[in-house]
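Throughout, read-outs are computed from the coordinates displayed, never taken from laboratory work. Not measured: the values here are computed from a predicted model. As a convention, Cβ positions derive from the backbone with ideal geometry for all residues, glycine included, and neighbour counts pool all protein chains shown.
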């Protein structure tokens, strides 16, 4: 794979979720919820007994590896999407710096390379409205002035002459990789694509996102024989676009860990609350872990995985897991204002690898620290390749006992809302 690295910029933070106020969080432990009564699991969910403290990964040894490859998908063309007027947090260097680091770390050569291709209109129409797609198509040849005017109508969106092509390629790339994993041609993989997609809605762009790549992939997997798709969104911003597309669908289990406060994008967003559990047949299949404060770190994420995410995954037995892998919860991100370590993302990746027979796809969403995102991605790639957990990752896994009061309250709020759907949480 040829890696071309442009001159790196010094960025001024800009975009969704810029945090202006830093708060101190209370790090004392609060009592966990105690079960009061048993409830029945919905018939559509597969019932299994398990401990509250489900381990994130088998300790002391790497996950079992099949002979199938780990795929690294990216494309040089994706770096053409850039802000037409100024430096911006969502910049091409997010890819170039990451690919340079992976190359220097010897990880690129250990993966099977894959490039993007645009999806069909039918595949896009499965999640986006024809009117919206037609509007995007008309922008492919629009003059610069119209692109700027169009972007100004939406919340935290920019457009240049390459943006629509890049968004199409990103969506098609994630879908292409998902098909390789689902068909058995690959064991797992990571899609380093941009622009991101998880805020994009049926009818509109939002929050740096134009086309919802993970949603496109999930919908097509359902059309091609996959009966249970799990989407885990660990971007610090709520995946509101993805959530809305699957609220009624019991075939898609959507899980989001995100900040839910007035300083974080999407602003004034009630759909990110734990009480939003899904509608009708989809009730119980929308799981929001909503952090009410900044400074959430490895301990809080480990607690959420042990207490909620992995028990539900074990019970439901997804056939494929897609991760909206934003890295803006990492310590030092200019927008996230949290403190997850690079090892923390490896910990979460390894935990998910234990499910769906290891059929796991990570798709880049947010993450705006040019220093930290490359390390986060490399840590996840090493996990996907089957390397053993590092001491830092094992330490992150065992950090759940140090979860802050604010973190426990957020996770326990999710447990309260979902106990009637998932009694394993009690």
Item to check | Cα-based Rg of segment 318-391 normalised by 2.2 N^0.38 Å, two decimals | outcome: 1.07
Checklist entry - Could the peptides 103-116, 218-231 be put in order, highest first, of the mean number of other beta-carbon atoms found within 10 Å of their residues? => result 218-231, 103-116
Item to check | Expected-Rg normalisation [2.2 N^0.38 Å, Cα atoms] applied to segment 283-365 | outcome: 1.10
Checklist entry - Once the piece of chain linking residue 112 and residue 85 is laid out straight, how much longer is it, given 0.36 nm per residue of separation minus the C-alpha distance between them? => result 6.1 nm
Item to check | Ratio Rg/Rh [Cα only; Rh per Kirkwood] for segment 246-389 | outcome: 0.95
Item to check | Largest to smallest principal axis extent of the C-alpha atoms in segment 88-163, angstrom | outcome: 44, 31, 21
Checklist entry - For the pair residue 179 and residue 224, how long in nm is the line joining their label points, each one 7 Å along Cα→Cβ? => result 0.5 nm
Checklist entry - Averaged over all directions, how much area does the convex hull of the C-alpha atoms of segment 292-337 cover when projected, in nm²? => result 3.9 nm²
Item to check | segment 126-214: radius of gyration and largest Cα-Cα distance (Dmax), Å | outcome: 13.9, 46
Checklist outcome for this item: On the formula 1/(1 + (r/R0)^6), with r taken between the Cβ atoms of residue 68 and residue 390 and R0 of 30 Å, the FRET efficiency rounded to 0.05 is 0.80
Item to check | Descending semi-axes in Å of segment 105-146, equivalent ellipsoid built from Cα gyration tensor | outcome: 32, 17, 8
Item to check | residue 405 paired with residue 76, simple spin-label distance in nm, labels 7 Å along Cα-to-beta-carbon | outcome: 5.6 nm
Checklist entry - In bins 10 Å wide, starting from 0, what share of all Cα pairs of segment 241-295 does each bin hold, as a percent? => result 27, 51, 20, 2
Checklist outcome for this item: Along principal axes, largest first, the alpha-carbon spread of segment 174-233 in whole Å comes out as 33, 23, 18
Checklist entry - Where in segment 112-149 is the amide nitrogen less than 11 Å from a point lying 7 Å along the Cα-to-Cβ axis of residue 165? => result 140-141
Item to check | Ranked list, fewest to most other Cβ atoms within 10 Å of each Cβ, for 398, 238, 203 | outcome: 203, 398, 238
Item to check | Dimensionless Rg over Rh [segment 141-285; C-alpha; Kirkwood] | outcome: 0.99
